[in-house]
Each structure stands twice: as C-alpha cells, then as structure tokens.
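**Student:** Here you go, one structure.
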Amino acid sequence: MSKDVNKKLPSKEEVLSQYKDVLERNKAHARGEKSKGEIEANEQALAKQKAKEDARLAKKTKKAKRKEETLITNTLDQSAGEKLSVIEEKPLTRKQIKKAQKEELKAQKETQKEDALIKNTLDQSVGEKLSVIEEKPLSRKQIKKAQKEELKHVKEETIMTSPFVDGEVESNRTIIASIEKINYDNESETFEEFKSEDRKYTSIDNTPGFDKGVKGLKQKQKFQYQLTNKYSKRILSDGEIVFTKDHKPNTEKHIIELKDVRKSYQTGDLETPILKGIDIKLDKGDFIVILGPSGSGKTTFLNVISGLDKTTEGDVFVLGSNLSLLKDSHLTKFRRKNVGFIFQQYNLLTNLTSKENAEVGQNLANKKKKGMTIEEIFETIGMKEQINKYPHQMSGGQQQRVSIARALAKNPEILFADEPTGALDEEMGRKVLEILVKVNREQKTTIVVVTHNPNIAKIANTVIHIKNGLIDSLEKNSNPADPQSIDWS
Ligand SMILES: Nc1ncnc2c1ncn2[C@@H]1O[C@H](COP(=O)(O)OP(=O)(O)OP(=O)(O)O)[C@@H](O)[C@H]1O
C-alpha cells in the first residue's frame, strides 16, 4: 500500500504549539493543578458521595417521623381511652377503645382542619361554605380541593370577562361532582315516611338522678350517650317516638315540640347554663319569629331545634324524631332530609353561578317530596336575570336570595334563618322577607327566623320571646303584616 505522499505535514509552528500545550499540562500537574478530566472525575465522585449522604439523611428523617407518629398515636389512644373511661366509669372493651381512638383521631383531624382554615381567610371562607352546604364535616382532601379551586377563581377573577371561561366551568363541575359524590355516598340511606298510627311510642322512665354542676353534666352526657346508642337508629329508621320526660308529644299536631330542654357549656370547672328548661309547641306551616336580647340564647335555641347542636337534657321533637337521642351521623341525615338554612352571611360557593349554587341544594334534596324546579324558584325570588351570574357579580341582597334559592331547592319541611336580613339594607331586607312570606304561604313551608329587629316580628303569625335562656312569651298573631308595610328603623 503506497503512502499518501500528498498529505500535508504539520508546520513547525503547529508542532511547537502542540508541544507547548503538553509542556504546560505537565508543568500544571507538577504544581498540583488538576486537568479538566480529573476535575470532572472528582466532581462525579463528590456528587455520588453527596447522593449517598442525602439518602442516608432521608432514611433517618423518615425513621424519626415514624417514631413521632407512633408517639402521637399512643398519646391519642391514651387520651381517647381516658375520655371514654370517664364517661363509662368501668374498664373498656377493646372494641370501645378502638371506637374511641377512631373518634379522637377524627376530632384531632377536625381541629387541624379548623386551624388551617383560621390561618387563611381564603381557606376559611371555602371550608365554611362547603361544610355548611354539605352539612357534614369535610375530609381534608375535599377542603384542599375546594381551596385550590377558590385560589384559581381569585386569580382568574381579574381577567375573567365571561362567566363561561372553560377552566371555570370545569372547576365548577369538579366541585359539584365532589358534592354529588357525598350525596350519592349516602344514597343507600333511604328517607322513610312514617304514618303516625304505625309509629311506636317508647317512654324512658328509669332516668337516674343527676348531681349538680360539672359532675352532673358528665353524668347527663353518659346517660344521653347510652340512650343514643340504643335508640338513634330506631328513631330515624323505624320512626319510633322515644321520650325521656314524663310527656308524650303530639307529633301529628306539632312540627316542633320541646320538653324541659336544657343546654349547658362547661367552662373549666364551672357549668354555664344557656337554655334553662324550655317547653314549647309549634305548629306546622307557621311563620315563627324568635326575638330576644343579645346573649339570651336565640341562636342556641335555633341550633337545637334545627339539629345543628345537641341538648344537655330534655326532648327535642322535630317532625316526630327526638333529636336529643340521634347520633351525629343520623342528625346529618335528618337535616339533609328535612331542613334548609339561611344565614346572615350567605355562604355561597363563589365559583359557582347562582343556578349551580341552587343545584347544590337540589342534590341534597328529599327526592320523594316534589318541590319547585330551579327555574320556578328563580322566578319566585325574582332572580331570573341573575341565574348565570357569579356571587361577586351580585349585590348582597341578590346573594341572599340565591342562598334562599339553594335552601328552597332542597325542598325542606322547615326553613331556618338566623338574622337573614342582618347584612342587608332596607330595600333588600324587605325583598328577602317578602320571599320568605311567599314561600310560607305558597309552599306551606314552616319558617323559623331569629332576629334582633322587633318590627320583623310583625310579619309572623307566631312570635317567641326568649329571655335569659327561657321562653318569656309566645304570642299568636292572626293578622300578620305585609313586609312592605313594616317600619324598618
Ligand atoms: N360554645 C360556647 N361555649 C360557651 N358559651 C357559649 C358558647 N356558645 C354560646 N355561648 C354563650 O351562650 C349565650 C347565648 O348565646 P346565643 O348565641 O345563643 O345568644 P343570642 O341570643 O343568639 O345572642 P345574639 O343576639 O347576640 O346573637 C351567650 O352568652 C354566649 O356567650
């Protein structure tokens, strides 16, 4: 094979330059400096070592976390066990301890949820709104999801020109889907209607005597806990009428009937009585207004008769069920089926339109009882034009009317309203009252309104005055006034 004689040899300068490079490298090496390759190799070795160290640290942290969690669980177990043994006053079975642990864990989660909500006002508004609508505590996942949606909405609000931005509609669907899921999760619980002649009456006449103060309070809790365990399902599923006081209720005649109802709070070592022995009978289809000075117990009373809060003692019959003996999950079911709420702050979901907010109520409705369609409701409340608007595109009065629409879509037997006009001006306040009167007349829905304003009482046919935790008076008004005619000052 002949050599390529034409191949150009390197010039003398090129050879010298290459040689100089080698020389420079040798000199640098001799001075202890590293070549590029060596530096890279070094860096790789260092990175490998760091990754190893990181993995070791991560493992250590995980182990420490696991240890901490075990400690928390143990503490929870202990406190749950202690709490229950205070109530039970006897050694607990393994099943009881397990149950208490589960409840304690749930309570702990609720507290954490609340803390998170308080920390962030945005979180708070969403959490409250959803839990009000769903009428049951939300899982952490649901709250997180709602917060994310809310944040997204706030961000989009500034650029949103149309209420039908794709992402927005999608996020609405997500919330509705999650709400519907909760609804369907409970679908297996059917809503029974009971004929009065079929209902069984049970009198609890072996009520023990109770001590005074906090000790007595604990004894009452224990007694109620035992009765609730025994009767809650029978009351809700079988329509059994269970009474603990020497008083058989007339559930056919009275939609709400209370006997010797007491509610106390424990503050440290002291018992603070709020409701001090309430007896009352309220008729179906009435428009009832509750008046009383600040702190007299109006909201506490409303919460007790609407199943939002439990009594310490006494019977609370609403539609025949003694709410005092229902466990929390049954109370939730009872509220879903029978009652609607309107609050001073409207509690609408901000990233749902008026219609969608009302549909949330409809999803929770008692499907067996036929009510108005969403369109009919918006017609009734004079809000047809606002049906596709978002809460931030409406006035306070309009938002309050949407919250009425949501309550009506649920088609409740009783509508409870706590200061429904409290945040509204006169014109809007009157409009809201007009709607309530109309619903009461046309749908025969029983309405219970708590208010500071004695003038509002003129539109009611039953006025209850609460004073210092007791019923001061109950007046019947055979000629209720028109909301337009009442003095608003
Ligand atoms: N969780 C609680 N713990 C202790 N005390 C409470 C609790 N909730 C309410 N109270 C007290 O119960 C009393 C009655 O409160 P409630 O809210 O029922 O009164 P109200 O008549 O509705 O008052 P207002 O018109 O000011 O809203 C008040 O003194 C209140 O401080």
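**Student:** What distance in nm lies between label points placed 7 Å from Cα along the C-beta direction at residue 485 and residue 329?
**Tutor:** 5.2 nm
**Student:** Among the listed pairs 389/444; 327/389; 98/259, which have their C-alpha atoms separated by more than 31 angstrom in this model?
**Tutor:** Over 31 Å apart, Cα to Cα: 327/389; 98/259.
**Student:** Taking a quarter of the surface of the convex hull around the Cα atoms of the range 184-295, what do you get in nm²?
**Tutor:** If I average the Cα hull's projected area over directions, I get 10.2 nm².
**Student:** Would you grab the residues whose amide H sits under 5 Å from the one on residue 446? Only those 5+ places off in sequence or on another chain, please, with H modelled 1.01 Å from N.
**Tutor:** 285, 415
**Student:** Something else: Please list, in order along the range 396-402, the HN-Hα scalar couplings obtained from phi with the Karplus expression 6.51 cos²θ - 1.76 cosθ + 1.60 (θ = phi - 60°), rounded to whole Hz, x for Gly and Pro.
**Tutor:** x, x, 5, 4, 5, 5, 5
**Student:** Whose amide H sits under 5 Å from the amide H of residue 471, counting only residues 5 or more places off or on another chain, with H placed in the peptide plane?
**Tutor:** Placed amide hydrogens put 279 under 5 Å from residue 471.
**Student:** Would you work out if the range 190-489 is rounded, prolate or oblate? Take a ≥ b ≥ c from the square roots of the eigenvalues of the alpha-carbon gyration tensor; rounded if a/c is under 1.5, else prolate when a/b is larger than b/c, oblate otherwise.
**Tutor:** Taking the square roots of the gyration eigenvalues as a ≥ b ≥ c, the range 190-489 is prolate.
Values quoted throughout were computed directly from the atomic coordinates according to the rules given, and no laboratory measurement underlies them. Worth saying up front: this structure is predicted, and the values here are computed from it rather than measured. We place every Cβ from the backbone using ideal geometry, glycine too, and count neighbours over all the protein chains shown.
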